[in-house]
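Chemist: Below is the structure I would like to discuss, written out as structure tokens.
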Amino acid sequence: MVFKKLLGSLGVGGPTVDTVLQPGPAVPGGGLSGEVRLKGGNTDATIEHITLELVARVEAEHEDGEAEGGVVFERFTVGGGFVLGEGEERSVPFGVTLPWETPVTELYGQDLGIVLGVRTELSVAGARDKGDLDRLTVGPLPAQEAVLEALGQLGFGFRSADLELGHIGGSGQRLPFYQEIELSPSARYADRVNEVEVTFLAGPEGLDVVLEADKRGGLFSEGGDALGRFTVGHHEVQGRDWVTEVDGRIQALIEARTPHRAHEGYGHDDGHPQHHAGPGMGTVVAAGAAGVAVGVVGGMVAAEVVDEVGDFFEGDDEEEESDEG
């Protein structure tokens, strides 16, 4: 979908801008291409620069609870330095590279509820205006898909995914937030674990997989969070028994006697406390559209995501309008 917005701060009759992304999902560390379409207004205008901002809806914890807001996590200047004539139509193609830690928004075609957008900023003779957000869709890297598919084969189910403001201590995380994918435990571990969270930190060479298990307390065992981590090279995905390997990681995590001993030094550095083989993760996630529970009532998933996306984009526009006034 193409979003259009009159550049209000430039006055009635100013240039208009549309940003069109190439169809299909991008991947972390991969290319994002498209074109910025400009149409001149009532007079000639000097286009100083055209900038694309990558924006994410992120959750932040504070003393009174949680809040959500937009976070810009990358900027690209893709054009500028020309005069756009009165009524002139011009297309500016672009190709940029996404950060490796860009969150995954869909798995097997099913929306995970993560909201990312591309916002276009146009600078004309010293005045700036930010256009509407275009929805950005990002699919998983092969290593991410392999780990999630193995968890699905082990019987873990998708609950939700979100972006948390903060850093994972001891990691090489570069973005100001990280993605958590929350999973319900398989029948094998349900008596010992409330949920398992997976975070991927990708880089040029490979992928850090951070696992966190919310362990149930028992008569002779201590509950709490246990953390583990392992690394996968991008070239090491093929030829591995992922189900056996991931199951071993989960077992080691759950059997760790003391929380946070699974990998010393890893933790959530945001100043707040954290809280048998079955169908693959692709089947579990995609089943949501058919009305099977995937952490929320089946059939409500798509509708809730659409509503949240609309609220996020509309709220962003209202904030910009208030700033302009």
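The values are calculated or read from the model by the stated rules, or taken from the named source; none is laboratory data. Here the structure is a predicted model, which is why all the values come from computation and not from measurement. For neighbour counting, all protein chains shown are included, and Cβ atoms are generated from backbone atoms with ideal geometry for every residue, glycine included.
Chemist: Identify the single condition in (1) closer than 16 Å to V71 by Cβ; (2) surrounded by fewer than 22 Cβ atoms within 10 Å (Cβ to Cβ) that G109 does not satisfy, given that it satisfies every other one.
Modeler: For G109, the failing item is (1).
Chemist: Condition (residue is closer than 23 Å to D241 by Cα and of a type in the set (G, A, S)) applied to region 107-122: is it met by at least one residue?
Modeler: In the first step, residues of region 107-122 are kept if they are closer than 23 Å to D241 by Cα; the result is 107-108.
Filter once more, keeping what is of a type in the set (G, A, S): none.
Within region 107-122, not a single residue is closer than 23 Å to D241 by Cα and of a type in the set (G, A, S).
Chemist: While we're here: For region 80-98, give me each residue that is surrounded by 15 or more Cβ atoms within 10 Å (Cβ to Cβ) and either among the β-branched types (V, I, T) or more than 23 Å from P15 (Cα to Cα) (or both).
Modeler: V92, V96, L98, listed by residue number.
Chemist: Suppose the filter is modelled with pLDDT under 95 and either in the same structural domain as A26 (by TED's automatic domain parsing) or over 13 Å from the mean Cα position of the chain (by Cα) (or both); does L107 pass it?
Modeler: Working: modelled with pLDDT under 95: yes; either in the same structural domain as A26 (by TED's automatic domain parsing) or over 13 Å from the mean Cα position of the chain (by Cα) (or both): yes.
So L107 passes the test.
Residues checked against (1) at pLDDT 95 or above; (2) surrounded by fewer than 19 Cβ atoms within 10 Å (Cβ to Cβ); (3) closer than 20 Å to F177 by Cβ:
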site: M1; (1), (2), (3): no, yes, no
site: G13; (1), (2), (3): no, yes, no
site: G34; (1), (2), (3): yes, no, no
site: G41; (1), (2), (3): no, no, no
site: D44; (1), (2), (3): no, yes, no
site: E48; (1), (2), (3): no, yes, no
site: E61; (1), (2), (3): no, yes, yes
site: T77; (1), (2), (3): yes, yes, no
site: T102; (1), (2), (3): yes, no, yes
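Chemist: Being touching a strand residue (DSSP E or B) at 6+ places or on another chain (Cβ under 7 Å), more than 19 Å from A26 (Cα to Cα) and either at pLDDT below 95 or outside the structural domain of F230 (by TED's automatic domain parsing) (or both) narrows it down to one of G169, G87, G95, so name that one.
Modeler: Values: G87 fails: touching a strand residue (DSSP E or B) at 6+ places or on another chain (Cβ under 7 Å); G95 fails: more than 19 Å from A26 (Cα to Cα).
Answer to the selection: G169.
Chemist: Please list, ordered by first then second residue, the pairs with beta carbon atoms under 7 Å, 6 or more apart or interchain, first in region 5-27 and on the phi > 0 side of the Ramachandran plot, second crowded, with 19+ Cβ neighbours inside 10 Å and at pLDDT 85 or above.
Modeler: Partner pairs satisfying both residue conditions: G13/G41.
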